[in-house]
Structure formats: C-alpha cells, structure tokens
Amino acid sequence: MKEVQKRYVCTECGHTESKWMGRCPECNSWNTFEEEIVSSPNKSKIGVSSPSLDNKVRKLSEIKSDDAIRLSTGFDELDRVLGGGVMLPSSVLIGGEPGIGKSTLMLEMLSFLSTANDVLYVSGEESPSQVKLRGERLGLNLTNISIFCDTRLEILEETIEKLQPKIIIVDSLQTLYSSSVASMQGSLNQIRTCCLMLSNIAKRSGSSIFFVAHVTKEGSIAGPKVVEHMVDTVLYFESAENGIRLLRAAKNRFGSVDEIGLFEMDDKGLHGLKDPCEVFLSSRSDDELPPGIAFTSIVEGSRAFVVEIQALVVPAKSGLQRIYSDKIDIARVSRIAAILERHTDLKLTDQDIYVNVAGGIRLNDVSIELPLALALYSSKINKSLPAKLVSFGELSLAGEVRNVPFLDRKHKAASDLGFELVVSPFAKGRKNSESFVSVKSIKSAVISAFGLKQ
C-alpha cells in the first residue's frame, strides 16, 4: 500500500516545505503555500523514468541540427510574438483573464492551420456543441478540426499517439487529470505532471502543443512557477482600453520577448491591429493640445509607434501628495516629479498627480521619462506643448537627459506621422535645426519645448 504524505508548495516559485508557512523563505511571498499530497512510489517502480526525448549520451558536435519548421498561424500579430510562427515541435503556455479571447484566438488559429495539418482541440470546459456553435458564429472552417473532450491524461496520451496531430490545443491546463497523481483535479501536482508529460509527448511526436491557462487576480498564470519552466514559450493576453487586446511573451526560446501583438475584438472574432496609432493617439480636430499632453515614440520588438502620455497636476485635497498611475510605474512618476522639483523649481510636493496613457498600453521604456516630465510640467503651469512635438530620453537624478536605444527608429516613427519637432538627448554628429533639438538637461528640455526665456 502506498504511503500518503503531504507537503506544501509555493505557487510563486515552486519552493517546497514539510509544513505550512505564512511567508516563503525563497521568494518572500506571503500566503502562497498550498497543500500537495505526495504518494511514495512502489519499490518495484523505482528507477523507471518517464518517457523522454532521447536517453542516449552523445557528443554535442555529433548532433544533427535539423532545419527549424515554422508554421504561420494566420495572424501576423501572433506570428510576431511567437518569433515568426509556430515552431515544430514546441510547447506554448498562454494565459489571460476570463473572456479576454484565449479560446477564440486558439480556435481561429486551428481553423487556419487545419487546411494543411492535422489538428486537435482538447476541451475540458466546453462541450463539443458549444465549441461548434462558437466556431460557426465566427464563420470559421471547422471541417478538419478534431475535438476531444476527455481530459484524463492517460486517455489523452493514447489519443495523441494514435492521431499524431501537428497542432494540439488544451483548453484548459487546469482541467487535466492523471490517475497516477494522488491529488484532486487542478491541484499543483496535477498541473505539473500533466504539463510535463504532454510537453514530452508533443516534442517526441514533432507536434506543437498550446496550453490555455487561467490567471490569478494578480494577473499571473495560476499554478506553480515551475510550469513556466517546462514549456518553451509563455504568452500573456492582456486587455487594454477600447476593446484592444495585447499579447506579450514573458518567455520565448525561439524568438524575442520584446515583441507585442495587438488585437481588436468584434462579433467576427479577433483581428490583428495593423496601425497602433489609431488606438494610442487621440484624434483632435484642431492643432492645439490641451495642457498635460505629450507625445513620445516607443519601440516594441520590431515595431516603433507613437503614444500619448497624459498628466494632470492638481492641488492635493489632503495636503499630502498622492500619485495615481497604473500604466506607468508609480515609483517612476514619483522620481520624475522629484527631478522636476529639484532642477526646474517646480513645486509638486503639495500636488496630486494623475498619469495615464492613451489606449491603455503599459509603458516600461526608460525613454518615456522626458515626455512624462514635459507632460507634468505642462499641466502644472497650464501651458500646452506644441502639437507637433515628440520627445524621448532618460532622466538621471542629476537632471541630465541621457541617451536611449533606437533613436533613429523613434525619429522615423514620429516623422512618418507628421511630427515636425523632436526633442531628444544630445548625440554626437547631430546638429540642432528647426526640426531637431538635442538637450543635455531637463532644464534645457523645458526651455526648448515651451520656448521659455533662460
């Protein structure tokens, strides 16, 4: 008879302890330990390993490197985030909020790939009729899509070995169940075991498998962090304003993690957004901007586009400064406000600061610091920036405007949209002109942008 033991696993980092703890000693997260039942293996099975891709020891120089096989998903935006398309073999984990469109995106992708490849949709949350109705509503070709609604791991393994599909969708990872694991469906141990076994099977058969996963209220994929280490690619589906969906790669063994995919949802499903400026720039009838608006160029992977930063500075109701910002890190906004106060004599300690980004995209690029400072300055003095001005640059605590990567690409993205004046860090070989001003400090940037006297 198997001995049943318990252990506690941190859902953030996968660290295990023999007893429950309030705080994880590995990652210092609070209340992240969950109970897991562990069955000790039978003595007769000790030494028997799970199926692997290759159990032979060979010289690395003797390995033949086959040409990589990539398949287009039918979405330029998804192909961009994946690194050029679906790699065969590979395993992909995609997470997002309920109702954001994960299942829709996967079904649309299968409909495109099914014309030339055998595909399998494993549904653990919807019945076959529900999946069919959704596909018909989206106007998809469902003729060559096979569906399987049994999420028992052992039965699913047999089905995959028999059908040998090139693309497999598992919707969702939390519904998988293995009878060899002594814990309930959706537990940490079940998720780990099922993810590892199916990933190995897919790679051994030369297939690509997509795991759809739920997310926690904090936005991270539910389950232990070690699941992310078992797959080749981790994608996050996020919601922005105006119904826009953002697809980001948190991990990608076959491409860059800097790419971003932009989608819009309508009654016909998800569609790639080709022109981001339609969403991230507000349309205005006149050429005059309201105070507190600044434009900047950002680079996301292979694409550069212009976004609008909005700032509002008003007297603090409580007498103490409060900062409200969810699209730009609050610590960064606070630091930029302190730099402005120190180096431009702009008093902000008794002001409430509100910061937003048009379109709802979250900005992490250091080059947004200069336009953010100009937007705050504009709102505080109640004077608008020139409507055709774009700026970018990193700010040091000493008030210097530091150089940033991809300056040429940022300049080109702005000029293609009709921006006529660029304020950017000083660079060798660049001379000031009517359309370009290089600055070394935040004070000189303010003077150049607002035309103030020194």
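General remarks:
- Each peptide among 361-374, 322-335 gets the average number of other Cβ atoms lying within 10 Å of its residues, and from highest to lowest they stand as 361-374, 322-335.
- Links that overshoot a 31 Å alpha carbon limit, given the list LYS410/LYS443; LYS19/LYS327; LYS412/LYS440; LYS56/LYS166: LYS19/LYS327
- The chain shape via C-alpha gyration tensor axes, a/c threshold 1.5: prolate
- No disulfide-compatible partner, judged by a Cβ distance under 4.7 Å, exists for the following cysteines of the chain: CYS149, CYS194, CYS195, CYS277.
- Calculated FRET value between ILE63 and GLN164, using beta carbons and R₀ = 35 Å, to 0.05: 0.90
- Remark on LEU273: its backbone amide H falls under 5 Å from those of LEU262, PHE263, GLU264, a criterion applied only to residues 5 or more positions apart or on other chains, H modelled at 1.01 Å from N.
- Per-residue Karplus couplings for region 317-334, computed as 6.51 cos²θ - 1.76 cosθ + 1.60 with θ equal to phi - 60°, are listed in order as 6, 9, x, 10, 5, 10, 10, 10, 7, 10, 9, 10, 3, 4, 4, 5, 4, 4 Hz, Gly and Pro entered as x.
- Residue separation of ILE155 and SER334 scaled by 0.36 nm, minus their Cα-Cα distance, works out to 58.9 nm of gained length.
- Rough spin-label spacing in nm, given labels placed 7 Å along Cα→Cβ, for ALA316 and GLU341: 0.7 nm
- Extension gain, THR16 back to ALA116 (0.36 nm per residue minus Cα-Cα distance, nm): 31.5 nm
- Taking other Cβ atoms within 10 Å as a rough exposure proxy, LYS440, LYS64 sort from fewest to most as LYS64, LYS440.
- Cα-based shape type of region 70-274, given that a ≥ b ≥ c are square roots of the gyration tensor eigenvalues and the cut on a/c is 1.5: rounded
- In the chain, helical runs assigned H by DSSP with n ≥ 4 each contribute -39500 (n - 2.57); averaged across all residues and rounded to the nearest 500, the mean residue ellipticity at 222 nm is -7500 deg cm²/dmol.
- Per-residue Cβ neighbour rank within 10 angstrom, fewest leading, GLU158, GLU300: GLU158, GLU300
- Taking other Cβ atoms within 10 Å as a rough exposure proxy, THR233, THR73 sort from fewest to most as THR73, THR233.
- Modelled FRET efficiency - R0 22 Å, ILE381 with GLU288, Cβ distances, 0.05 increments: 0.90
Every number here is computed from the coordinates shown, using simple stated rules; none is lab data. Remember, it's a predicted structure, so these values are computed and weren't measured experimentally. Note that we place each Cβ from the backbone using ideal geometry, even for glycine, and neighbour counts take in every protein chain shown.
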